[in-house]
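To start, the structure under review is shown below, and the notes come after it.
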Amino acid sequence: MRPFFVVVALSLVISCGTGIEEDSNSDKTVFRYNEAVGISKLDPSRTTSFEDIIAIGHLFEGLVTLDENLEVVPAIASSWEISEDGKEYTFYIRRDVYFHDNPCFAASEGRRVLASDFEYSFFRIVDPNEPSPGKYIFENVAKTEESNFIGFKAIDDRTFKIYLSKPQPSFLQMLTLKHCSVVPHEAIDMYGEDFRTNPVGTGPFKFSFWNEDVKLVLLKNDEYWRRDEVGDTLPYLDAITITFLPDRHQEYMQFKKGKYEMMSGLDQSFQETLLTDLGELKPKFDSSMIFSKIPWLKTDYLGFLVDDAKPINENSPLTNKLVRKAVNYALDRDELVTYMRKNIGKGAAKGFLPKGMPGYDQLNVTGFDYNPDTARTLLKKAGYNGELVKLVVANNYKQMCNYIQRKLREVGLNVQVDAVSKSVHRKDMATFQTNFFLKNWTADFPDPTNFYQLFYSKNFAPDHGPNYTHFVNSEYDRLFEELLAESRDTVKWEIYDRLESILLDDAPVVPLFYDETVRFFSNNVSGIKANSMNQLDLSEVRLAD
């Protein structure tokens, strides 16, 4: 174990005060970044926010994980087997993985991870008395006597099995979700509900302290099991600090001064300063920072509530699919991305499935092109007589939706944009107070079923899933159910085409653009690993002197 006084000394160097200043005389390597939205909890089974998941990824691990190409690779499970019928998954647990040192253990020394720890961790997710948002991951488990009536069990210390009621080819990808991270029962016993602020995992970094709304500090895990290509221990960094400045312009100014090693996302307060109109870093910054832009499995779209039974749809022109198609033809998606987003993202050229998702390149469908004349023709054919339609958006998207409003008015659609708070926006969709809204969907796991579930009729929002359009199509449902059990890639690609074709014909949504992950790094950073799930792996990052 590392001597205690070294840990204390490092904590003092990076934790004193509540600002973001660090001790410039320290020889410790500290990676600093900001989360403007903040972090609410560090319990993987309870997390709901993207920002929480990024931080949890530094602390926790599961059976498997995703590499840079979105391939499932070993993590705490060194290997696994899947039965021929696709219903039994057997994982073999590594012998060299230990929980972080913590007072919840005897002598405060972290113990070895066992298969029973996964049984315990997964039960925390499926337990009906626990408010875990990850319950859907295990909806297909077989609760039989063989599986202790919970769907999974530890066979011995090194062997863990999961039993499914029917084949589910996407299940391995779902196990990469941070909800499925392993946690020790000792920590839950000691901290209870306060585990959210006292996390104990197995990841490359371990918890030091968290001053909520100010700073989170994570220290190097000296007992981490992974090694680099030459056998050196990981991680290379001594610590990570995450601050929570809500002002993005202030964040940019601190990044510019060298107070952060990374800045994520693109805010209007600095996008004009840093990027060209083509979405590239301006040459004058080439020597001071590194710009990273990769596909993100996220589709931004306009949604229509197509449920005729809802009062808001009485006499609404949006119940006519010709009007919905007209909206699709009226928008120039490439222009929107170029002028409203500095070329961050790609116009939705094919359909709902985003660029970067496995299977996207095999799609043979063509989405709606920009054709205002066709839009006008469809409105006329639909008998549209200038009725007012209201587009409800969260207020941080108002500028982009003003552009959308202008393009729709150009083809004769009478549109009013109502920009509201995020909470009101969510409420209006959940209570069906709007039938035209701006929304996005970000992948939980890298499988197309995660996107196509949004239009499955058994997933009606808000109580049964993410189908906020209340789209119903029996052929779509049949194909989606086939897709859930299909393992042959060529057959899956055919189903993707057919699902997209149905969505294009009925037009319950207007796919706008496929997003991209944007990050800026100081020029002394190397070894960053990222993928289209927008994960952030700092385990192999180095900071040059």
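Bear in mind these aren't lab numbers, they're just calculated from the coordinates by the rules spelled out. Everything numeric in this text was worked out from a predicted model, so none of it was measured. Cβ sites come from the backbone with ideal geometry, for glycine too, and all protein chains shown count toward neighbours.
Counting pairs on different chains as well as pairs 8 or more places apart, how many Lys pairs in segment 321-393 have Cα atoms under 14 Å apart? Walk me through the numbers before you get to the answer.
Numbers: Lys321/Lys380; Lys321/Lys381; Lys325/Lys380; Lys325/Lys381; Lys346/Lys355.
Pairs that pass both the separation and distance tests number 5.
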Exercise. What order do you get for 348-355, 501-508 when each peptide is scored by the mean count of other beta carbon atoms within 10 Å, highest first?
Worked result: 348-355, 501-508
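So between Asn414 and Val214, what do we pick up on full extension, going 0.36 nm a residue minus the alpha carbon distance? Write down the numbers at each step before the final one.
Values: separation 200, 0.36 × 200 = 72.00 nm, distance 4.56 nm.
Taking Asn414 through Val214 to full extension adds about 67.4 nm, to one decimal.
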Exercise. Given a cut-off of under 8 Å on Cα pairs at least six residues apart, what relative contact order in percent is computed for segment 296-515?
Worked result: 35
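In nm, what is the difference between 0.36 nm times the number of residues separating Ser49 and Glu387 and their Cα-Cα distance?
Details: separation 338, 0.36 × 338 = 121.68 nm, distance 3.81 nm.
Full extension of this stretch gives 117.9 nm more.
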Exercise. Taking the Cα centre of the chain as the origin, how large is its charge dipole in debye, to the nearest 20, when only Lys and Arg (+1) and Asp and Glu (-1) carry charge on their Cβ atoms?
Worked result: 1500
For this session: Would you mind pulling out the separation of the Cα centroids of segment 198-222 and segment 315-342, in Å?
Result: 45
Seminar exercise, completed: Once phi for every residue in segment 157-169 is put through the Karplus expression 6.51 cos²θ - 1.76 cosθ + 1.60 (θ = phi - 60°), the whole-Hz ³J(HN,Hα) values, with Gly and Pro written as x, are 4, 10, 10, 10, 10, 10, 10, 9, 7, 8, x, 8, x
Exercise. Which ordering of Val230, Val141, Val182 is given by a fewest-first count of other beta-carbon atoms within 10 Å?
Worked result: Val230, Val141, Val182
Exercise. When the Cα centres of segment 31-46 and segment 139-183 are compared, how far apart do they sit, in Å?
Worked result: 27
For this session: May I ask you to sort Phe520, Phe291, Phe445 by Cβ crowding, counting other Cβ atoms within 10 Å and putting the fewest first?
Result: Phe291, Phe445, Phe520
For this session: Normalising by the residue count of the chain, find the relative contact order in percent from Cα pairs under 8 Å and 6+ residues apart.
Result: 18
Exercise. Could you state the number of Å between the C-alpha centres of segment 378-433 and segment 479-545?
Worked result: 27
Exercise. Fewest to most neighbouring Cβ within 10 Å: what's the order for Glu130, Glu193?
Worked result: Glu193, Glu130
